[in-house]
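Beneath this line is the structure, given in C-alpha cells, with notes to follow.
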C-alpha cells in the first residue's frame, strides 16, 4: 500500500535547483530511509512532504506530492491539517522552553484534540509511553523539557510529534546529535512506531539505514539515483554510484 | 610649558618603541630566536618611558601646590595671622600673580606674588629636567637589559591589564563618588526636613523656602508643608505609566512585526527608520509635546466639552511613550530574532500557525529579554526630564487626571537648580534628596529586572 506518491518534484532555492525530478513512492507502515552524501537534497525532499519549505522565503517546490491520493502542493491544501497528519522530528532535539507536559500537550492544544484536562493527561501519558520516556520522567512532568539529556530530549520531541497521532513521521537525522546508547534507544523506538505510523528517516549512517529501514532511497546531487528495498540496495544495487556510496568509496 | 613637555615625552615614547623594536630586529638578524615578537620589545621600552613619567607627574601634581604654599606663607609666620587669614592671603597672592586681583595691592602681597611666580617657574623647569632625565635613564637601562631571552611579552600584557583595570576602576569610582555626594547632601537635607514630611507630605512648594532673608536663622517650622514629595512621586509614576501605555503595545507589536512578519526588504528600511526616533534629541520631543500635541489635545478636549490644560500629563506622557518606542521595538526585535530557528521549525511542524508559534513558543522564550527592554524603557521614562519640563508644567499638582498638568522628580530638580541657589540651603539640598530617591527607584527597577531575567533563565536553560 503506497502512502505517499511523489511525482516529478523539483525544488529551487532562488535560482539554484536543489532537487531534480524526484519520483518516489513511500510504503505505508514501513520505514523508508533516505541516504546520500551531505547536500544531496534528502533533507530538502523530506521537508517537501510536510511543506516545511514554505517557511523558507526563497524556496519553491514544483510537482505533485500525493498523500492518501491528495496533492499537498495544491492550493486547497490546509497546511495546518497537513502537518497534523505528518509529524516531524529534527536533527537537533528542539524541545520548547516549556515544561515536559506543555511540550507534549502542545500539538493537541493547538489542534483542539483533547476535550478535558483528563483527556489531555491521557494523551500526554500515552505519547510519552510510546516514546519510551514515561518511566524516566513521570515524576517531573512539570519541569522544563530543556533540562533533559540529549537522548531524552529527542524522545520528548518524538512524543511531541506522535501526540497528535500523525499518519506519517518524518525524521531528519534524528540521531546525529546523540551518543550510541541514545541512538540505539531511538532506533528501537522507530521499530516500534512503524506499527502505527509510516516513517521516513534521513540518515548519514548507512548502518542505521540498514538496521531500521525496509526501503531505501539513494540521493546524489539533487537526484534520486536509486530506490527499492533496503536489502536490495545494500546487497545488490543496480547503479554503480549506489554501490560506491554504500561501500564507502565516496561521500 | 606642560603641553610641550608632554609632547616631548610622547615623542620619547615613540622613539623608545622604535629603538626597542630595532634592537629586537638586530638580535633576530643574528639568527637568535626571540622570546616575543619584535613589537613587544618596542612596547616594553615605551612602558619604561610611560610609567616613570606618570609617577613623577602625579607626585608633582600632589606636592607642588602644597610646597609652594608653605614657602609663600613662611614669610607670614609668627605674625599672628589666623589660618583663615593665611588662606586668604595665599588666594590673593595667586590671583595677583595671574593678574586677576582687583582689590587693594599691598607691598607684602606684591612681593609674595613675585615670589610665587618665581617658585612656580623653578618648579616647572625642575620638573621638566627631572622627568626627562629619569625617563631617559630608565629607557636606557631597559634598552641595555633587553636581550634575546628577556621576557617582554608578560610585562606588556600585565601593563595592558593594569591600564584596562584602571579605566573600569575610574568608572566605578565615579559612580561611587556621585552616590556619596548624593548621600551626604541628602542627610543634610533630612536634618532640616523630617523624613516623614518628605515621604508622606502632599504639598510640594520649594519656592516658599527660598523667599527669606539669608541672614535669618534656619527655622524648621517654616518648611513644614513645603517639601512633601508625594505629588511629584505620583506625577513621575503617572507620566511614566502613560508613557509605557503608549510604548509597550506599539513597541512590542512593531518589534514582533519586524522580527517575524516583515519581509527582508521591509525590515531593511523600517528598522533604521524606527531607530531614527531614538536619535531625536529629547528637547525636540519636548517642544513637539508642548507646541503641537498639547494645544491639539486642548482643542480636541474643548470640542468634546472637556477641560484640558494646555500643559497636560497626557501630552507629556504620550510623547514620552513615542520616544521610548524604538527602545522597546528594537530590543525586542533583537531578542525575538535570536530565538533559535529550530524552535520555530518545531512549532510549525506541529501544525501551529505563525501567530500561535509567536504566542506559545517565541514569546515565552524571548520573555526575559522583552521584560528587560520594558524595564529599560521604564527607567528612561522615570529619568526623562526635558519633555516633562516643557510639556507638563512645573507645578506639582497631586492629581490622577491625565488632562491636568503635573510634575515629576526630574522636572522639580530642574526647577530647583535653575537660577539663584545657595549651598546648604534646604531648597538646594532638596534637589539632592530628589536625585537620591530617583536613584533608589531606578536601582530597585534594575534589581527587579535582573531577578526576573535570572528566574526565567534558571527555568529554561
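Quick one: grab the alpha carbon gyration tensor of segment B:229-282, order the square roots of its eigenvalues as a ≥ b ≥ c, and give me rounded if a/c is under 1.5, else prolate or oblate depending on whether a/b is larger than b/c.
Oblate is the answer for segment B:229-282, as a/c is 1.5 or above yet b/c matches or exceeds a/b.
Could you line up A:82, B:71 from fewest to most neighbouring Cβ atoms inside 10 Å?
B:71, A:82
Taking chain A as a Gaussian network, Cα atoms linked when under 10 Å apart, which of A:194, A:138, A:92 shows the biggest mean-square fluctuation?
In the Gaussian network model the winner is A:138.
Principal axis extents for segment B:230-460, Cα atoms only, whole Å, descending order, please.
67, 44, 29
For residue B:450 paired with residue A:60, estimate the spin-label separation in nm (one decimal), with each label point 7 Å from Cα along the Cα-to-Cβ line.
5.4 nm
Just the number, please: percent antiparallel of the DSSP beta bridges in the protein assembly as shown, rounded to the nearest 5.
60 percent
What average number of partner chain Cβ atoms lie no more than 10 Å from the Cβ of the residues making up B:76-84?
Per residue, the average neighbour count from other chains is 0.
Taking the Cα-to-Cβ direction at residue B:363 and at residue A:214 and moving 7 Å from each Cα, how far apart do the two end points lie in nm?
It is 4.4 nm.
Return a whole-number percent for the relative contact order of chain A, with Cα pairs under 8 Å and 6 or more residues apart as the contact set.
Numbers: 486 pairs, mean separation 67.7, N = 251.
Rounded, it is 27 percent for chain A.
What angle do you read, to the nearest 10 degrees and between 0 and 90, between the alpha-carbon axis of helix A:180-193 and the longest principal axis of chain A?
90 degrees
Given a Förster distance of 25 Å, report the FRET efficiency between residue B:35 and residue B:136 from their Cβ-Cβ distance, rounded to the nearest 0.05.
Values: r = 26 Å, r/R0 = 1.02.
So the FRET efficiency works out to roughly 0.45.
Expressed as a whole percent, how much of the Cα-Cα distance distribution for the protein assembly as shown exceeds 42 Å?
Of all Cα-Cα pairs in the protein assembly as shown, 59 percent lie more than 42 Å apart.
Looking only at other chains, what is the average number of their beta-carbon atoms within 10 angstrom of each beta-carbon in A:159-168?
Working: counts 0, 3, 3, 0, 1, 2, 0, 2, 0, 0.
Shielding by partners across A:159-168 averages 1.
Between rounded, prolate and oblate, where does chain B land on the alpha carbon gyration tensor, with a ≥ b ≥ c its root eigenvalues, rounded for a/c under 1.5, else prolate if a/b exceeds b/c?
oblate
Which peptide among A:122-134, B:252-264 comes first, and what is the full order, when sorted by highest mean count of other Cβ atoms within 10 Å?
A:122-134, B:252-264
Between residue B:267 and residue B:6, what's the calculated FRET efficiency when r is the beta-carbon distance and R0 is 60 Å? Round to 0.05.
Efficiency, rounded to the nearest 0.05: 0.75.
If I take R0 = 41 Å and measure r between the Cβ atoms of residue A:204 and residue B:178 in this structure, what FRET efficiency does the formula 1/(1 + (r/R0)^6) give, to the nearest 0.05?
The calculated FRET efficiency here is 0.10.
I need to check one value: relative contact order of chain B, counting alpha carbon pairs closer than 8 Å and at least 6 residues apart, in percent.
Worked out over chain B, it gives 16 percent.
Give the separation of the Cα centroids, segment A:130-182 to segment B:104-158, in Å.
One Cα centre to the other: 72 Å.
If each residue's Cβ is checked for other Cβ atoms within 10 Å, how do B:236, B:399, B:410 rank with the fewest at the top?
Lowest to highest Cβ neighbour count: B:399, B:410, B:236.
For a quick check, take a GNM of chain A with Cα springs below 10 Å and name the residue from A:97, A:174, A:144 with the largest mean-square fluctuation.
Among A:97, A:174, A:144, the largest mean-square fluctuation in the Gaussian network model of chain A belongs to A:97.
Give me a single rounded figure for A:95-102: the average over its residues of other chain Cβ atoms within 10 Å of their Cβ.
5
In nm, to one decimal, how far is the residue B:169 label point from the residue A:232 one, both placed 7 Å along Cα→Cβ?
In this crude label model, residue B:169 to residue A:232 measures out at 7.9 nm.
Sort A:69, A:191 by Cβ crowding within 10 Å, fewest neighbours at the top. Write out the running numbers ahead of the final one.
Values: A:69 7, A:191 13.
Ordered by Cβ neighbours within 10 Å, fewest first: A:69, A:191.
For segment A:214-238 and segment B:260-318, what is the separation of their Cα centres, given in Å?
If we compute the Cα centre of each part, the gap is 65 Å.
Which angle from 0 to 90°, rounded to the nearest 10, does the C-alpha axis of helix A:100-110 make with the longest principal axis of chain A?
70 degrees
Roughly how many Å is it from the Cα centre of segment A:20-96 to that of segment B:382-397, as a whole number?
Taking the Cα centre of each part, segment A:20-96 and segment B:382-397 sit 59 Å apart.
With a cut-off of 8 Å between alpha carbons and a minimum separation of six or more residues, what is the relative contact order of segment B:230-460 in percent?
After rounding, I find 30 percent.
Read-outs: derived from the displayed coordinates by stated rules, not from any lab. No experiment lies behind these values; they were computed from the predicted model shown. Cβ: placed from backbone, ideal geometry, glycine included. Neighbour counts: every protein chain shown.
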